[in-house]
Each structure stands twice: as structure tokens, then as C-alpha cells.
Amino acid sequence: MKPVRSGWRIWPVVIIIRYWIIQGMLFMNNIERIHRLCLEAIFFGVIFALMIVLDMPYAVVTSLILAHSCSFFFNGHVFAMMAHDLFWFSLYKDKRKFLRYLDDMYQRMNALQPAYIEGVVFFGSLARGVFRETSDLDVRFISKPGFWNGIKSSHLVFKERLHALMAGFPIDTYMFACEKEIREKMDVINEHPVSLYNSNGNLKHILPETQSFQRFKEIIS
């Protein structure tokens, strides 16, 4: 079990500032960091150009702050932070509504069938059939080998974050590049990952511990 946090570390302002500064960058692999920084550079370029046109003072500093804030909002886990860490509110406190979003994601991934992805899995207490009002969805996209496959996988992760943002869904999602990274960062043995997408059955070779989405639905129902 993870140690229970206490004291100033659980103050809402501290949690928000930590999320805003770090934005999951320490957890990402290098490929996803590159993708994230490129997106933030685009945000910066657009904002900086606008500020130059409007002749605003401190254009560089202000653009950096606003670009990082845009990244926090559009590419972060805002609703996961609120549901899981701040406990302010969640639009998905009802299990049936939460599972409907999950089922939609399963259908979306299998309709898309991305060629650059080995599989999509989720972990955590939900994978064990435990749902709480503060539950978020810990999803990991497993990329096929190669830098560009990793970049395309990272972009798919970004689009899924946007999708969750628009729906107000508490998602916590990253791209993993290989089996070693999965096993270093996740408790695969005890968390029994659930497959949302399995490219040509490859997940069984990478993560034999993976359970099917159909099996999960039987457990959670």
C-alpha cells in the first residue's frame, strides 16, 4: 500500500501547484516528454505571436506561463486531480455512468485499431472490481517499438485526454514504450491489468497477467 499523505502536502493549493508545475513529466518516458514539450512550444508560439501583435509587456514570461497553463488544462489530468486528490467533485460518481464511459473507450479503441499500438490497458482498484466515488481511470497505451510509433502513441494519449476533458471524466493516462517500463512503473502482478485494446493478441505475450474486458465486466457488475 502507498503511504497515506498528511500535513501541508494535502493542502488543495499545494496539490494544484504541484500538478501545474510537474504535469506528469517525471512519470513520462522521454518520447512522451518530447511530444508534450512540442505541444507546449506550439501553445507558446501562438500566445507569444498574439501578445506581440497586441504589444503586451513581458511577452516572453507571460507567454511561458500561459502556455504551461494551457498544457495543464488541455493535456493534464484535471478531472482526475479533482476526483482523486482534491475530492471536490466528480461528474462520474455513479458506477454505471463511469462504466459507460469505459465501454465507449473500449469501443472507440477497437474501432480505431491503431497500427502503432500493441495494446491499451488499465490498472488500479477498478481493475480488481472496486469502484469508489473518487475512482479515476489509470490507462496505459503500450506503443509498438520505434520512435515514431511512440510519438503517434503519445498523440493518441493526448487526444484521449482531450476527450476525457470534454466529458469531465477522471482519466490518468500515459504512453509506455516497452514491457520493461510497464513492469517498472506499474504493479502488474497485483493489479491485474484489463485490456481495452489488444493488437493481434500481442498483449498476452507482453503482459500475460492481462485479463479481458469481458471478464472485467463480469467482475464489476
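The values are calculated or read from the model by the stated rules, or taken from the named source; none is laboratory data. All of these numbers come straight from a predicted model, not from anything done at the bench. Cβ placement follows ideal geometry from the backbone for every residue including glycine, while neighbour counts extend to all protein chains displayed.
Being within 30 Å of residue 148 (Cα to Cα), assigned to a helix (DSSP H, G or I) and either among the aliphatic types (A, V, I, L, M) or free of Cβ contacts under 8 Å to residues at least 60 places away in the same chain (or both), is that true of even one residue in segment 53-61? Scanning segment 53-61 turns up no residue that is within 30 Å of residue 148 (Cα to Cα), assigned to a helix (DSSP H, G or I) and either among the aliphatic types (A, V, I, L, M) or free of Cβ contacts under 8 Å to residues at least 60 places away in the same chain (or both). Per the listing 21, 42, 65, the residue uniquely surrounded by fewer than 16 Cβ atoms within 10 Å (Cβ to Cβ), within 19 Å of residue 159 (Cβ to Cβ), not hydroxyl-bearing (Ser, Thr, Tyr) and not assigned by TED's automatic domain parsing to the domain that holds residue 154 is 42. Condition check: in contact (Cβ under 8 Å) with a residue 40 or more places away in the chain and not in a strand (DSSP E or B). Does residue 162 satisfy that? So residue 162 passes the test. With respect to residue 149, determine if the residue is at pLDDT 95 or above, assigned by TED's automatic domain parsing to the domain that holds residue 199 and more than 20 Å from residue 163 (Cα to Cα). For residue 149, the condition - at pLDDT 95 or above, assigned by TED's automatic domain parsing to the domain that holds residue 199 and more than 20 Å from residue 163 (Cα to Cα) - is met.
For first residues located in segment 1-18 and not assigned by TED's automatic domain parsing to the domain that holds residue 186, partners that are among the acidic types (Asp, Glu) and at pLDDT 80 or above and lie 6+ apart or on another chain with Cβ distances below 8 Å form the pairs 15/85. Scanning segment 199-219 for residues that are over 22 Å from the mean Cα position of the chain (by Cα) and part of a helix (DSSP H, G or I) yields 200, 201, 204, 205, 214, 215, 218, 219. From the list 89, 27, the one residue that fits, being closer than 17 Å to residue 139 by Cβ and part of a loop (DSSP other than H, G, I, E, B), is 27. In this structure, does residue 55 turn out to be at positive phi and not aliphatic (A, V, I, L, M)? When the stated conditions are applied, residue 55 passes them. Answer yes or no as to whether residue 86 is touching a strand residue (DSSP E or B) at 6+ places or on another chain (Cβ under 9 Å) and either surrounded by 13 or more Cβ atoms within 10 Å (Cβ to Cβ) or among the charged types (D, E, K, R) (or both). It is false that residue 86 is touching a strand residue (DSSP E or B) at 6+ places or on another chain (Cβ under 9 Å) and either surrounded by 13 or more Cβ atoms within 10 Å (Cβ to Cβ) or among the charged types (D, E, K, R) (or both).
Of all residues in segment 113-148, those satisfying the criterion of being in contact (Cβ under 8 Å) with a residue 60 or more places away in the chain, farther than 14 Å from residue 102 by Cα and of a type in the set (Val, Ile, Thr) are 117, 142. Considering only residues in segment 192-207 that are in contact (Cβ under 8 Å) with a residue 40 or more places away in the chain and small (Gly, Ala, Ser), the one that is surrounded by the most Cβ atoms within 10 Å (Cβ to Cβ) turns out to be 195. Evaluated against (1) in contact with a Ser or Thr (Cβ under 9 Å, 6 or more places away or on another chain); (2) exposed (fewer than 14 other Cβ atoms within 10 Å of the Cβ); (3) outside the structural domain of residue 158 (by TED's automatic domain parsing); (4) not basic (Lys, Arg), residue 115 falls short on exactly one condition, (3). Selection over segment 105-157 of residues that are among the acidic types (Asp, Glu) and not in a loop (DSSP other than H, G, I, E, B) gives a count of 2.
Annotation note: of 189, 151, the sole residue that is surrounded by 14 or more Cβ atoms within 10 Å (Cβ to Cβ) and more than 19 Å from residue 103 (Cβ to Cβ) is 151.
Each row is one residue, and each column tells you yes or no for (1) in contact with a strand residue (DSSP E or B) (Cβ under 6 Å, 6 or more places away or on another chain); (2) closer than 16 Å to residue 29 by Cβ.
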residue: 124; (1), (2): yes, no
residue: 132; (1), (2): no, no
residue: 137; (1), (2): yes, no
residue: 142; (1), (2): yes, yes
residue: 147; (1), (2): no, yes
residue: 159; (1), (2): no, no
residue: 162; (1), (2): no, no
residue: 166; (1), (2): no, no
